[in-house]
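Okay, so here's the structure we're looking at.
The values are calculated or read from the model by the stated rules, or taken from the named source; none is laboratory data. Computed from a predicted model, the values in this text were never measured in an experiment. No Cβ is skipped: glycine too gets one built from the backbone with ideal geometry, and neighbour counts run over all protein chains shown. SASA here: full protein model, heavy atoms, side chains in, ligands and nucleic acids out. Shrake-Rupley method; radii C 1.70, N 1.55, O 1.52, S 1.80 Å.
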Amino acid sequence: MMKKNSNFKNKKVLVLGLAKSGESAARVLKALGAIVTVNDGKPFDENPAAQSLLAEGIKVITGEHPLGLLEEAFEVMVKNPGIPYDNPMVVRALALGIPVITEVELAYLISESPIVGITGTNGKTTTTTMIAEILNADGQVAKLSGNIGFPASDVAASSTSDERLIMELSSFQLMGIETFRPHIAVITNVFSAHLDYHGSQVGYEAAKWRIQENMTADDYLVLNFNQEKLRHKAGQTLAKIVPFSTSDETKNGAYVADGQIYFKDERIMSVADLSLPGEHNLENALAAICVAKLSNVSTEAIVSILTTFSGVKHRLQYLGQKSAIKFYNDSKATNILATQKALSGFDNQKLWLLAGGLDRGNGFEALSSDIAGLKGMVVFGETAPKLRRLAEELNIPVFESETVATAAQLAYEQAIPGDTILLSPANASWDQYKTFEQRGDLFIDAFSKLEEK
């Protein structure tokens, strides 16, 4: 259970911004004996989280962020990760010398469980989920936490020393750590992202690199050696480096040789047996294997999960087969780049692509080389005419359909055994659906209702 961290007893703490993590932090701090004030911008009558915290005896100030509040001699601010550091309340707190942390730091301070921390630009959620499933398959107790949708402090508060926290960490969360120290950390990759928040690529990469700043020679840092910049960073940490690479240039971690996956000298499985397609998912699997082997997991448990893992819902999620035709739900592909990444894992000659959605005024020429040679396309939504024109220019058989559900049915009618049907829309969903999740759920539902033919 929760480490009774006495550092917070009778301390005045300001929780800035609610959302899931702020609400969780406020309750945990109250349980630790802190004097908690919550400040959230959303008006009280539209703010169920603030209402319930007030009912539990926590002071709440809503509807504005009054700078004068900071004159109350707070000893620490727990900031919602999404609030930028140029926010006036944060600027003022730092000027007054008030430490500003995020909720993952609080989780670390109270956690009895060792932490596996996963960060990176792409693949965080998939890798985090893979790791938890592999450890659990081996009989360990691994709990998902952090940026994956389970507030870290909430999970930490109810976990014990013989359990593991598998914690997805965003750059925003890592900006607000002081003592946070995972026993094993993973950096899946680093590309360009969130520059509006961090100010520069250098700032963004520095935030990611903070995951290791308190680690020692007793800890392990799993790094993607396919990326030169991460190979270069390997010498800049006290942690033991465990590399992964899709080539065999690194033999002291996870790597691929002759179509087989190895960890050090042990063959784990064949690349062809991985259930998720694509180079990026191979990298995610290699990272997960490193963590599993560092956690003394059996090879059998690793193989049992990686041969059946269906992915994270709506992210290149394998749904199964009907009449020997495979179905994948990648509804989260709301832009061209995401669809390009999905397409890279399939054989176009046996692939039916379902695409379309909100028209943001852009063309789709950037997809031309990725969709060349497709067996067929079914397009829907506002951008259907644009996608249809592109398909016709490339001599790809193309059909138009009303909705994602009718598109699934139409593609299934055209497909033959051995084909694959992929929903990867390359567009936002808001022309027809509230969210990409709703769009994906309707595709899953349509798949489940298809009759064998």
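Data for the structure
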| quantity | calculated |
| --- | --- |
| Area of T299 that stays accessible when all protein chains are in place (1.4 Å probe, Å², to 10) | 20 |
| Relative contact order of segment 105-307, defined on C-alpha pairs under 8 angstrom at six or more residues apart (%) | 22 |
| Inverse of mean 1/r across different Cα pairs in segment 12-101, Kirkwood, Å | 12.8 |
| Value of [θ]222 nm, deg cm²/dmol, for the chain, DSSP H segments ≥ 4, -39500 (n - 2.57) each, nearest 500 | -9500 deg cm²/dmol |
| Whole-percent carbon and sulfur share, accessible surface of segment 1-90, 1.4 Å | 56 |
| Cross-link pairs K79/K208; K350/K434; K20/K229; K240/K293; K313/K453; K143/K233 - those with Cα-Cα distance over 24 Å | K350/K434; K20/K229; K313/K453; K143/K233 |
| E413 paired with S52, simple spin-label distance in nm, labels 7 Å along Cα-to-beta-carbon | 4.6 |
| Residue-normalised accessible area of segment 1-133, given per residue in Å² at a 1.4 Å probe | 39 |
| Residues in segment 106-148 reached by a label modelled at S344 [backbone nitrogen below 17 Å; 7 Å Cα→Cβ] | 120-127 |
| Three semi-axes of the equivalent ellipsoid, segment 105-307, Cα gyration tensor, whole Å, largest first | 25, 21, 15 |
| Segment R389-E228, length gained on full extension (0.36 nm per residue, minus Cα span) | 54.0 nm |
| E279 - accessible surface, heavy atoms, 1.4 Å probe, Å² rounded to 10 | 100 |
| Antiparallel %, DSSP beta bridges [both residues in the chain], to 5 | 20 |
| 5 angstrom amide H check on S270, placed H, neighbours 5+ away | I261 |
| Segment 274-322, relative contact order [Cα under 8 Å, separation at least 6], % | 50 |
| Accessible area, probe 1.4 Å, largest first, for residues I35, I268 | I35, I268 |
| Portion, in percent, of the accessible area of segment 339-387 that falls on carbon or sulfur, probe 1.4 Å | 50 |
| Charge dipole (debye, nearest 20) of segment 12-101; +1 at Cβ of Lys and Arg, -1 at Cβ of Asp and Glu | 260 |
| Amide H contacts under 5 Å for V15, placed H, 5+ residues apart | T37, V38, N39, V78 |
| Whole-Hz ³J(HN,Hα) from phi, Karplus 6.51 cos²θ - 1.76 cosθ + 1.60, for segment 275-290, glycine and proline x | 7, 9, x, x, 4, 5, 6, 5, 4, 4, 5, 4, 4, 5, 4, 4 |
| Rg/Rg_ref, segment 310-453, where Rg_ref = 2.2 N^0.38 Å and atoms are Cα | 0.91 |
| Cα coordinate range in the chain, projected on the principal axes (Å, largest first) | 69, 55, 39 |
| Mean separation of Cα contacts under 8 Å (6+ apart) over length of the chain, as relative contact order % | 11 |
| Accessible area per residue, Å², segment 317-449 with all protein chains present, probe 1.4 Å | 42 |
